[in-house]
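Where a number appears in this text, it was derived from the coordinates with a stated rule and is not lab data. If you're wondering where the values come from, they're calculated on a predicted model, not measured in any experiment. Virtual Cβ from ideal backbone geometry, glycine too; neighbours counted across all protein chains shown.
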Amino acid sequence: LKEQGKQLIKIDKWFPSTKTCSNCGSVKEVGLSERTYQCTCGLSLNRDYNSALNIKKEGIRLLSSAA
Ligand SMILES: [Zn+2]
């Protein structure tokens with residue numbers, strides 16, 4: 001087997017990726033019907049995209065803290 005050079009990062013299930021602003025990091029409640037995440041910092045993003053950015057950032061954070 002060849003090493004693929006990829007690392008699987010495990011993100012905690014409680015990580016509030018859909019509730020966290022990917023720009024400033026503040027957390028707020030987001031209704032299930034809200035398709036856009038809007039933050040007081042001016043961020044306005046597709047809810048799923050904001051969530052994906054948060055997971056990516058959290059993965060990088062976990063990687064760097066594990067080193
Ligand atoms: Zn924000």
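Tabulated results
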item: Partner lysines for Lys56 [C-alpha distance under 21 Å; skip if fewer than 8 residues away on the same chain]; result: Lys6, Lys10, Lys13, Lys19, Lys28
item: Cut-off 13 Å between beta-carbons: net charge of the residues surrounding Ile11, Lys and Arg +1, Asp and Glu -1; result: +3
item: Normalised per residue, the volume of the convex hull around the Cα set of the chain (Å³); result: 117
item: For the chain, the longest site-free run once trypsin sites (Lys or Arg not before Pro) in DSSP loop states with at most 12 other Cβ atoms within 10 Å are removed; result: 36-67
item: Extension reserve of the Ile60-Phe15 stretch, reckoned as 0.36 nm per residue once the Cα distance is removed; result: 14.8 nm
